[in-house]
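To start, the structure itself, in structure tokens.
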Amino acid sequence: GGILPGGTLIIQILAFAAASVAFLSRAPVRPRLPVLPLAAVAGILLLGLVQLAPVPERLLGAVSPVSLQISRETRRILDLFGKAAAPSPTISIAPSETISTILLLLAYIAAFLAASRVLLTRSRRRVFLAGIFTAALVQILIAALSGAPAARKGGSFVNPDHLAGYLEISLALAFGVAWATFSVGRDRAGHLTDRGERIARRLLPLSLSVLLWGTIAAGIALTQSRGGVGAALVTTLFLIALFSMRRRLGSRRAAAGRAALILMAGLLFVAFAVREIPVVRFFATDPRDLPTEGRLQIWAGSIQAFRQFPVVGSGLGTFREAFRRIQPRDFVEGLVEQAHSDSLQLLVTGGAVGAALGALALASGLFALFRAAQRQRHREETALLIGGLGALVSLTLHGLVDFNFSLPAIPVTLAAVLGCAWASHAT
């Protein structure tokens, strides 16, 4: 229900409630917040408020001529129906949608701040991760038990691509857990004199962590999402490279070998679980999907819509209304509500200013997590930081061809996970 008003309202209430409780409680440690990423996100919120503010027609004509044209057209239509009070001219062409988007962004920030404030101990972070993994496994179970065996699986999500995006967050974290389990196993079993007991003590936790990663990877494979599978694979290779850079865990070659063994074990499990389904999907077409030609037309239309609102956009959350103005009459896909690309969607609704702020938030956030992971001395916290970094990279890659960030359940989960990862930075 996260895409429906009721589900969105629940997400907002829970995020704001969690932030309120977190900041009313006494925390022994107050971690330093990542200033630049939060400032960039705050800039996007400020842009949304500017888009809602009444603007004199002369200034609006200079900043966003099409918004002024729409305002005048609206006034003429209301005059025809005898409406005396016309709305004040604004940059946003659908103010109610912009207000809803601003509230959602505030909820995501609240979720991040609550997690970074509360999850300051290992025990709390482990409980949080258990909840994240449990939710992912429940979604996979729902997906596996629904529909025909060869059909695409969406779990409780309407679109299987969105289930893939949701599971990508857990997949990156599970890889970090598997790596941390592998790397600390030698220390925990080093005092044992019996070789068999040492192997058993190390093998059981590692097997469980690899099983967890493989199960989540199999869940992504069951969605048969090209973007999701591709993003997950690229991100996993990226994580192997990051973990291999940790000299404290041994030589880089040995570190890369360990990560590759974890990956191969997980992929073997995936291969036995889903067999050839994802491979067939990559070379087949699904009549329920948006065809490639239609997706390319939407991307081309998004560029046209951006050119109508090049500086400050059409208003956060107003892609549907902006695209409708340039949509060809013979376009067979009907009402287009999403750009099928998160970056293009922000470009249309936020203009060049919004796109620049979004790029700054992403780049500075990735850099902050990377620097924190490089400075962290503890392996469990390092794995969590790099797992959060991997989740952000995966959704960014997938977002180039899909719209996961437009589904509230996914970004609010990512925000909480990133808050948890940043909290480990203070440990």
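The values are calculated or read from the model by the stated rules, or taken from the named source; none is laboratory data. These figures come from a predicted structure and were not determined experimentally. A quick note on method: Cβ atoms are made from the backbone with ideal geometry, for glycine too, and the neighbour counts reach across all protein chains shown. Only protein heavy atoms, including side chains, enter the accessible area calculation; ligands, DNA and RNA are left aside. Shrake-Rupley method; radii C 1.70, N 1.55, O 1.52, S 1.80 Å.
Computed quantities for the displayed model
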read-out	value
Qualifying position, being farther than 27 Å from residue 120 by Cα, modelled with pLDDT under 95, part of a helix (DSSP H, G or I) and in contact with a helix residue (DSSP H, G or I) (Cβ under 6 Å, 6 or more places away or on another chain), among 383, 322	322
Residue check for residue 358: modelled with pLDDT of 90 or more, out of contact with any Phe, Trp or Tyr (no Cβ under 8 Å at 6 or more places or on another chain) and surrounded by fewer than 24 Cβ atoms within 10 Å (Cβ to Cβ)	yes
Residue count for segment 302-319, restricted to those that are under 24 Å from the mean Cα position of the chain (by Cα) and assigned to a helix (DSSP H, G or I)	4
All positions within segment 33-48 that are farther than 12 Å from residue 346 by Cβ and of a type outside the set (A, V, I, L, M, F, W, C)	34, 37, 43
Complete set of residues in segment 54-90 that are part of a helix (DSSP H, G or I) and within 30 Å of residue 411 (Cα to Cα)	67
Criterion (of a type in the set (A, V, I, L, M, F, W, C) and open to solvent by 10 Å² or more (accessible area, probe 1.4 Å)) met by exactly one of 316, 395, 347, 385	347
Residue 363 being surrounded by fewer than 24 Cβ atoms within 10 Å (Cβ to Cβ), within 11 Å of the chain's Cα centre (by Cα) and closer than 22 Å to residue 111 by Cβ	no
Residue list for segment 30-53, filter: touching a helix residue (DSSP H, G or I) at 6+ places or on another chain (Cβ under 9 Å) and part of a loop (DSSP other than H, G, I, E, B)	30, 31, 33, 34
Residue list for segment 138-158, restricted to those being more than 28 Å from residue 116 (Cβ to Cβ) and either without any contact (Cβ under 8 Å) to a residue 12 or more places away in the chain or surrounded by fewer than 19 Cβ atoms within 10 Å (Cβ to Cβ) (or both)	141, 142, 144, 145, 146, 147, 148, 149, 150, 151, 158
Test: residue in segment 93-100 that is more than 24 Å from residue 337 (Cα to Cα), open to solvent by less than 60 Å² (accessible area, probe 1.4 Å) and in contact with a helix residue (DSSP H, G or I) (Cβ under 8 Å, 6 or more places away or on another chain)	no
Condition met for residue 418 (crowded, with 24+ Cβ neighbours inside 10 Å, touching a residue at least 12 places away in the same chain (Cβ under 8 Å) and more than 13 Å from residue 168 (Cβ to Cβ))	yes
Test: residue in segment 114-137 that is touching a Leu at 6+ places or on another chain (Cβ under 8 Å), of a type in the set (Val, Ile, Thr) and open to solvent by 70 Å² or more (accessible area, probe 1.4 Å)	no
Top-ranked residue in segment 43-56 [being among the aliphatic types (A, V, I, L, M) and open to solvent by 50 Å² or more (accessible area, probe 1.4 Å); ranked as farthest from residue 112 (Cα to Cα)]	50
Hits in segment 398-411 (condition: in contact with a Pro (Cβ under 9 Å, 6 or more places away or on another chain) and open to solvent by 30 Å² or more (accessible area, probe 1.4 Å))	405
